[in-house]
Amino acid sequence: MATSALTPDQQELLAMLAGELQALLDISLSQVEYNSCTVENLQDTAESLDNFANAAELIGLNGLASAWRCLRDNLLVLIQDAAQINPEQVVLVDSWVIYFLDFLQHLSANNDTDEQITPLINFLAEPAWPVPLGATQKSELANALLSAEVLVEEDDSNRLPKVATQDMLSLALSDDLNPDLFEGLMIELPAQVVQFTDQLNQFTQTRNQQSLASAQRIAHTLKGAANVVGISGLANFMHFSEDLLEEIAKHDEPLTPALKNLLLDMSDTLAAMLDSLTAGDVHGDSIGALELGIMQQVLDAYHNIRAHGFESINSLPVIDQSQIQILNQPDLNISDSPDDTALANKFNTELQQNSDIQNSQNLQEAIAAHLRIKEETAQDLLRLAGESAISTNRLQTQVTDVKQQVQHISALHNKLTQLTEEFGHLIEVRELFNSRSKNSSDEDLDPLELDKYNELHSFFHQLQEFAIDTRDAIYQTQGQLRALEDLTFEQQVTNRSSQNHLLEMRMIPASNFEARFQRCVRQACRLTGKQARFQLRGGETMIDSRILHELVDPLMHLLRNAVDHGIESASERILAGKSAEGLVELQFTVQGQSIVIRVLDDGAGLQRERIAQKARELAITPPADSNPEVAELWLKQIIFAAGFSTRDQVSQTSGRGIGLDMVADRVNELKGRITVDSRPQQGCEFSIRLPMPMITEQGLLVASGKHSLAISARGVEQLLFLEESALTNDGEQLRYRFNQQDIDVFHLAQLAQLPDVLAINAIDAHALLVVETMPGQRVGILVDRVLASREMVVKPLTPFTPQIAGIIGATILGDGAVAPVLDVQHLIMDMLQRGVSTLGWMADTLRLSQQAAASKPMALIVDDSLSTRRSLAQFVGDMGMEVRTAKDGFEAIEILQEQTPHIMLVDMEMPRMNGLELTAHVRANESTKHIPVIMITSRNTEKHRSLASAAGVDTYLNKPFSEEELLHHIQENMHA
């Protein structure tokens, strides 16, 4: 045991401790009303002191650790009787940070003399403390503070252990873990793991000493951070790795293949530790034999390099590759063993253990997705933001409706003003006529010299004043509506800004999992004996943390497939004119409101013959259509079937039938879709398109028949309004010329398979949506009417709602109605798989519409009163009949020329042509004389009844009528 100056490790830890103390001092000084002697604050301080003592003890500063524990013991006594703390004790509690901070600053400068440690010892010996230092304790503490001892072994090469144990690699978290420190470590650790891996990769490829030095610094930083937090396994592994890198830096020899692999294994093990901590594995159970074996290899390599140089690394023991585990991927836990039953049992056991690990919730809420709030709280905030957006949309709709009503009232006011003026002119003409036809009673004054007013004039002037007052009220209301419209627009902008901030809380860069993806590709290469490098593009793309975590397993499976099934062996690639090393690329991009993820390789592409052969072996019938495009589409779809695998032998990477079907299921759960594109001998590309999580999204509100539908703007490039002549027929398919390219055209009702749209003809639709289905491929969708473009909140469907292709949720419209939200891209892909043609569907639609038209009766309602027409139309419509309305006899005749109703409900008194004249016309026409006519009028005299009967009215009813009576007469007349 020898006394020496502080080591760099000690210096770094002291600097971190000093920074923590300085932060505590700044907080206490900035808060004027801060009370350090409350029970809660005393408990927090005591816990911090205990952590500080443990950290100091880790690097041999036992004197500093004893001083902190002495202060902690005094605080624990004060907590027991906090109400009796005197002013002197308050001053001591408030000033402890200053004494220890001063001591740490002198200790960092190696100025630990008697003069510098006296203030700290006297502070702890103050009589006001409940347990002050005695004379003997003061002497012992002074000696301990003056000797910052560092263990120096006789043989420096033995300062690292020879044998790695499971305890050295433990990631278990203590019960008194500081969540803030742990969260800070977890926020920084992913980026540091990626940097560590990159630097080691660069060093193994180029022997760049700067990369090696950078890797050493990262290892040193991680070691110190893990020590402070208290994760011994991470601290030990980075400590051993740092020492190995230091020994490698001392030698100028070429790296052996075994040493290169060991450096890559170091980065993989570090990434595995990150995965374990991120998954909430508070006991570190997922770190097993593989990681322990690599730690042993690190220790062996360190000792061998010190003794014999790099040449000794070729003889390092090789870890059994069957032990290699890829976290969260049960496929790779089964090795090539003859006892398949035993291995299957082992696979099921480990799968259950991994599932239990994933369900661990301790500390997960504090670290997942960089959130500093609970996940439930974030979900509630997003839900409330959606409800706020719905309320704002409904308010805007109400404002628009009120504006339309005010405009209607303004039009009625203008009509009233016009009628008032006409009424005034009539009064003047009448008075003038009366004055000339009578002798004036006033002999002295001529009638032109003195106006005479009666009650009619008074009524006219009151009517004028009322019209003027009404106009002023309308202007005021319009002004208030404009102000309200501005406020709702500002509210919408504010809502949109808050929604964006809420969504950003959940966003993390895709590069957070780069190390894990790299490890996956490297391990797949080792298991298959192939060579491939991994490349990540678009790692800066921000993705919702939950979606990214859900995608990790599917993406890792696609990466392993790219190596196992796509990349050829080195010899085969060289014969094909390719480089010996293949390329596996993972791309993240954002296109509009979708996240697009591509997994590409430059291998041989899909093995079409092998896929077809395997399908025949599994009794999967290929399509009868001989079209090569149909056969190609079938091959690309069959690989996603459950249990499908082209491998006959079970290996660590394939052959179990747990593969692309799992990937497709996971993508479908996320409301996305996966496609594959293969080019023989050039490579294969799997593309995953997922909707971006949004509280509100832009969409189109459209009408198809009687249905109101919302269409998500995902993939919609343009909205066009066209004439029927713009569409052309190509066999059984409608087409449209768009940007010098003929695109297929489908009807929305055809895609969504809407019910009750049999009477709709695709030719009548004049709006066309141009939708991108795949990069460079577009189709057109015919829509009957586009009602509005608006922001909408898409509510997910409940688990009890049947899953319908293309329905991604529902939205609440401004009037409170609920409309389904369609993903037209998904609808198109589903329809193409069903193989439906546009003209074939239109022919079926026309045939069925004619049947429906023949089976559904139609009623014609003729009345000059709008309210009466509406009430009768609603009543008859509720009976299941089609309804047409007219406001007088002339309009009714025009409708009769287009369509023959099954029954007519007419009023007697109407402008232009009354009900008697209309009934006489109907009876005089051979094609309409059979139509039953029910007359509903307020005239109830026998004379009017006789006139109606003479005209041919079947049933005569008086207003107000009874609905039961009307229903009875309608049924009686239609079945007569």
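The values are calculated or read from the model by the stated rules, or taken from the named source; none is laboratory data. The structure presented is a predicted model; accordingly, all values stated were derived computationally and were not measured. No Cβ is skipped: glycine too gets one built from the backbone with ideal geometry, and neighbour counts run over all protein chains shown.
What to note about this one:
- For Ile248, the requirement of being more than 23 Å from Asn512 (Cα to Cα) and β-branched (Val, Ile, Thr) is met.
- Some residue of region 498-506 being within 30 Å of Phe196 (Cα to Cα), in contact with a helix residue (DSSP H, G or I) (Cβ under 7 Å, 6 or more places away or on another chain) and surrounded by 12 or more Cβ atoms within 10 Å (Cβ to Cβ): yes
- Residues that are in a helix (DSSP H, G or I) and of a type outside the set (Val, Ile, Thr), drawn from region 952-973: Glu963, Glu964, Glu965, Leu966, Leu967, His968, His969, Gln971, Glu972, Asn973
- Hey, Ile121 buried (at least 18 other Cβ atoms within 10 Å of the Cβ), out of contact with any Gly (no Cβ under 6 Å at 6 or more places or on another chain) and modelled with pLDDT of 85 or more or not: yes
- Ile931 vs. criteria surrounded by 14 or more Cβ atoms within 10 Å (Cβ to Cβ), within 20 Å of Leu957 (Cα to Cα), touching a helix residue (DSSP H, G or I) at 6+ places or on another chain (Cβ under 7 Å) and assigned by TED's automatic domain parsing to the domain that holds Pro960: yes
- Only listed residue being in a helix (DSSP H, G or I), at pLDDT below 80 and charged (D, E, K, R), chosen from Arg482, Arg471, Arg496: Arg496
Residue-wise test of (1) modelled with pLDDT under 90; (2) of a type in the set (Asp, Glu); (3) within 15 Å of Leu872 (Cβ to Cβ).
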position	(1), (2), (3)
Gln897	yes, no, no
Leu905	no, no, yes
Thr919	no, no, no
Glu926	yes, yes, no
Asn958	yes, no, yes
Leu967	yes, no, yes
Ile970	yes, no, yes
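- Pairs meeting the criteria (first residue in region 740-762 and under 14 Å from Gly780 (Cβ atoms) and modelled with pLDDT under 75, second residue aliphatic (A, V, I, L, M) and not in a loop (DSSP other than H, G, I, E, B), beta carbons under 7 Å, at least 6 apart or on different chains) are Ala762/Leu782; Ala762/Met842.
So that you can scan it fast, the table gives a plain yes or no per residue for (1) in contact with a strand residue (DSSP E or B) (Cβ under 6 Å, 6 or more places away or on another chain); (2) not acidic (Asp, Glu):
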position: Glu772; (1), (2): yes, no
position: Leu782; (1), (2): yes, yes
position: Phe800; (1), (2): no, yes
position: Gly809; (1), (2): yes, yes
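- Arg673 vs. criteria of a type in the set (Lys, Arg) and either under 26 Å from Ser594 (Cβ atoms) or not assigned by TED's automatic domain parsing to the domain that holds Arg785 (or both): yes
- Considering region 706-736, and only residues there that are in a loop (DSSP other than H, G, I, E, B) and either in contact with a His (Cβ under 9 Å, 6 or more places away or on another chain) or modelled with pLDDT of 70 or more (or both), the residue that is farthest from Val793 (Cα to Cα) turns out to be Glu723.
One line per residue, one yes/no per condition, for (1) closer than 16 Å to Trp68 by Cβ; (2) modelled with pLDDT of 85 or more; (3) not assigned by TED's automatic domain parsing to the domain that holds Met16:
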| site | (1), (2), (3) |
| --- | --- |
| Leu101 | yes, no, no |
| Asn110 | no, no, no |
| Gln116 | no, no, no |
| Ala128 | no, yes, no |
| Val131 | yes, yes, no |
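- Residues of region 886-907 satisfying the condition of being β-branched (Val, Ile, Thr) and outside any loop (DSSP other than H, G, I, E, B): Ile893, Ile895, Ile903, Val906
- Residues that are crowded, with 17+ Cβ neighbours inside 10 Å, part of a strand (DSSP E or B) and modelled with pLDDT of 85 or more do not occur anywhere in region 546-553.
- The residue of region 25-53 that is surrounded by the fewest Cβ atoms within 10 Å (Cβ to Cβ), among those that are outside any loop (DSSP other than H, G, I, E, B) and modelled with pLDDT under 75, is Ser30.
Quick grid of which residues meet (1) of a type in the set (A, V, I, L, M); (2) surrounded by fewer than 19 Cβ atoms within 10 Å (Cβ to Cβ); (3) touching an Asp or Glu at 6+ places or on another chain (Cβ under 9 Å); (4) closer than 26 Å to Ser232 by Cβ:
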position	(1), (2), (3), (4)
Leu71	yes, no, no, yes
Asn74	no, no, no, no
Ile79	yes, yes, no, no
Glu88	no, yes, yes, no
Asp102	no, yes, no, no
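- For region 535-576, the candidate set comprises residues that are hydroxyl-bearing (Ser, Thr, Tyr) and in contact with a helix residue (DSSP H, G or I) (Cβ under 8 Å, 6 or more places away or on another chain); within that set, the residue that is farthest from Ser678 (Cα to Cα) is Ser545.
- Qualifying residue in region 511-528 (condition: touching a residue at least 24 places away in the same chain (Cβ under 8 Å), surrounded by 22 or more Cβ atoms within 10 Å (Cβ to Cβ) and within 19 Å of Asp677 (Cβ to Cβ)): no
- When residues in region 211-232 are screened for being touching a residue at least 12 places away in the same chain (Cβ under 8 Å) and under 29 Å from Glu311 (Cα atoms), 10 of them pass.
- Residue satisfying all of: in region 930-951; part of a loop (DSSP other than H, G, I, E, B) and without any contact (Cβ under 8 Å) to a residue 12 or more places away in the chain; farthest from Gln971 (Cα to Cα) among these: Thr941
- Flag: Ile970 does not match the condition of being among the β-branched types (Val, Ile, Thr) and either in contact with a Lys or Arg (Cβ under 8 Å, 6 or more places away or on another chain) or farther than 19 Å from Met858 by Cα (or both).
- Restricting region 454-488 to residues that are hydroxyl-bearing (Ser, Thr, Tyr) and closer than 23 Å to Asp401 by Cα, the residue that is farthest from the chain's Cα centre (by Cα): Thr470
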